[in-house]
Amino acid sequence: MESQIAIASPTMKKFLILINSALLFTGNCAGPLIIRLYFIRGGSRIWLSCSLITAGFPLTLFLLIIAYFHRRKSDESEGTKIMFMTRNLFIASIITGLVTGMTNYFYAFGSANLPLSTSSLLTSTQLVFTAIFAFFIVKQKFTSYSINAVVLLTIGAGILALGAGSDRPTGESSKAYIVGFIMTLLAALFYGFVLTFNEISFRKTKKAIAFTLVLEFQMMMCLFATAFCVTGMLINKDFQAIPREAKKFELGEGKYYMLIVLAALVWQIFFVGSVGVTCYSSALLSGILIAASLSVTEVLAVIFFHEKFGGEKGFSLALSLWGFVSYFYGETKQNKKMKNISQSPSI
């Protein structure tokens, strides 16, 4: 199925993929660290932590203003008008926003009950779910390199899963650990769906996909996800509990609020990158970048939180990096082949 996405030039498309990939990678390395830090230093509000994952959506307005200003100057010179989100894309943003809100809750629950290295391992399985959804929903064509990447990353996750129970936090019940384990897997499954649903939504639109439209979609998606989580906060009375929790926070009240703001900022960077990569490339590439970044997060968890890093985690990390390199080598080879075909003289 050919994409409907239109961008100024192939060079601009590559540039946008690169920038959004960097945003996704950076946000998904730092975001889990901040959320886990919140929990291990005295935080306990699940609904608050899950709302922070998308609560930074107003920051996207700054990017939109800059993008609109640039588009307006360009459109005026070309005699065209700025195009806004279609009705179908708006509906899609509502659906994916609500599913994302639910996914955030599952993920936050898992982060509260599992070591970061374990939750990262489980979250990386979203690549498998993304690949399955992409195959059936967007008819994703797999090459030997992309299949190799999925297999390697899946094996890496499986190896870590075999020894996951041995790292249960001290004082935590087996029930809480198991529920957190299941909730994190559910988060991986639903986010695999979100990535694929976003891709098919963009592909089915009949208008050119400019960067402003990507930002509009991402902002509306995060708005509805945040609304879902804030509703949970209201029911759970999290707003009343925040001042009390801040005073008891191990790092201090001031750093508690700084952590909340930083979490919202970092996760927003991730979502901008995730939607951008999905739009300009594919859900599968987003899934592979997420899986690769989570491997880095595992190492950072060992460094900052002194979590155990046994041989199985080292082997899993090696497999994940191998899969990451395999995918990009295959993409480079495929792009080179397509370029040679397009440059071949027609008979």
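The values are calculated or read from the model by the stated rules, or taken from the named source; none is laboratory data. The model shown is predicted, which means the values in this text are computed figures rather than measured ones. Here Cβ is always computed from backbone atoms with ideal geometry, including for glycine, and neighbour counts include all displayed protein chains. Surface areas here come from the heavy atoms of the whole protein model, side chains and all, with no ligands, DNA or RNA. Shrake-Rupley method; radii C 1.70, N 1.55, O 1.52, S 1.80 Å.
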Exercise for the section: List the longest stretch of the chain that has no exposed loop site; here a site is one of the GluC sites (Glu not before Pro) assigned by DSSP to anything other than H, G, I, E or B, with at most 11 other Cβ within 10 Å. Expected result: 3-249
Handout entry: Projected label distance in nm at residue 90 and residue 11, using a 7 Å step from Cα toward the beta-carbon
Key = 3.7 nm
Fill in the blank from the handout: Fraction of alpha-carbon pairs in the range 186-305 farther than 19 Å apart, rounded to whole percent, equals 61 percent
Exercise for the section: Could you give the C-alpha radius of gyration of the range 257-331 expressed as a fraction of 2.2 N^0.38 Å, taking N as the number of residues it contains? Expected result: 1.30
Practice task
Could you please put 221, 12 in sequence from largest to smallest accessible area, using a 1.4 Å probe?
Solution key: 12, 221
Practice task
Please give, to one decimal in nm, the separation of the simple spin-label points placed at residue 19 and residue 309, each 7 Å out from Cα toward the Cβ.
Solution key: 3.3 nm
Exercise for the section: Can you send over the solvent-accessible area of residue 45, 1.4 Å probe, protein chains only, in Å² to the nearest 10? Expected result: 50 Å²
Handout entry: P(r) tail fraction, the range 176-231 - alpha-carbon pairs more than 13 Å apart, %
Key = 71 percent
Practice task
With only Lys, Arg, Asp and Glu charged, each at its Cβ (+1 for the first two, -1 for the last two), find how big the charge dipole of the chain is about the Cα centre; round to the nearest 20 debye.
Solution key: 580 debye
Fill in the blank from the handout: If each K or R counts +1 and each D or E counts -1, the residues other than residue 92 whose Cβ falls under 12 Å of its Cβ total +1
Handout entry: Top positive-direction residue, dipole computed over the chain with Cβ charges, set 64, 52, 273
Key = 64
Fill in the blank from the handout: residue 236 neighbourhood, Cβ < 13 Å, K/R = +1, D/E = -1, net charge 0
Problem - Fraction of accessible area attributable to carbon and sulfur, the chain (%, probe 1.4 Å) - result: 69 percent
Completion exercise
Projected onto their principal axes, the Cα atoms of the range 110-269 stretch, largest extent first, over whole-Å spans of 52, 42, 25
Exercise for the section: Give the accessible area for residue 144 in Å² (nearest 10); use a 1.4 Å probe, count only protein heavy atoms, and leave out ligands, DNA and RNA. Expected result: 90 Å²
Handout entry: Choice from 28, 236, 20 showing the highest fluctuation, given a GNM over the chain with Cα pairs closer than 10 Å
Key = 236
Fill in the blank from the handout: Contour minus Cα-Cα span, residue 135 to residue 248, at 0.36 nm per residue, comes to 35.9 nm
Practice task
Mind telling me which of 158, 273, 310 comes out most flexible in a GNM of the chain, alpha-carbon contacts under 10 Å?
Solution key: 310
Problem - Mean ellipticity per residue at 222 nm, deg cm²/dmol - from DSSP H runs of n ≥ 4 across the chain, formula -39500 (n - 2.57) - result: -27500 deg cm²/dmol
Exercise for the section: Under a 10 Å cutoff between Cα atoms, tell me which one of 54, 100, 86 has the largest fluctuation in the Gaussian network model of the chain. Expected result: 86
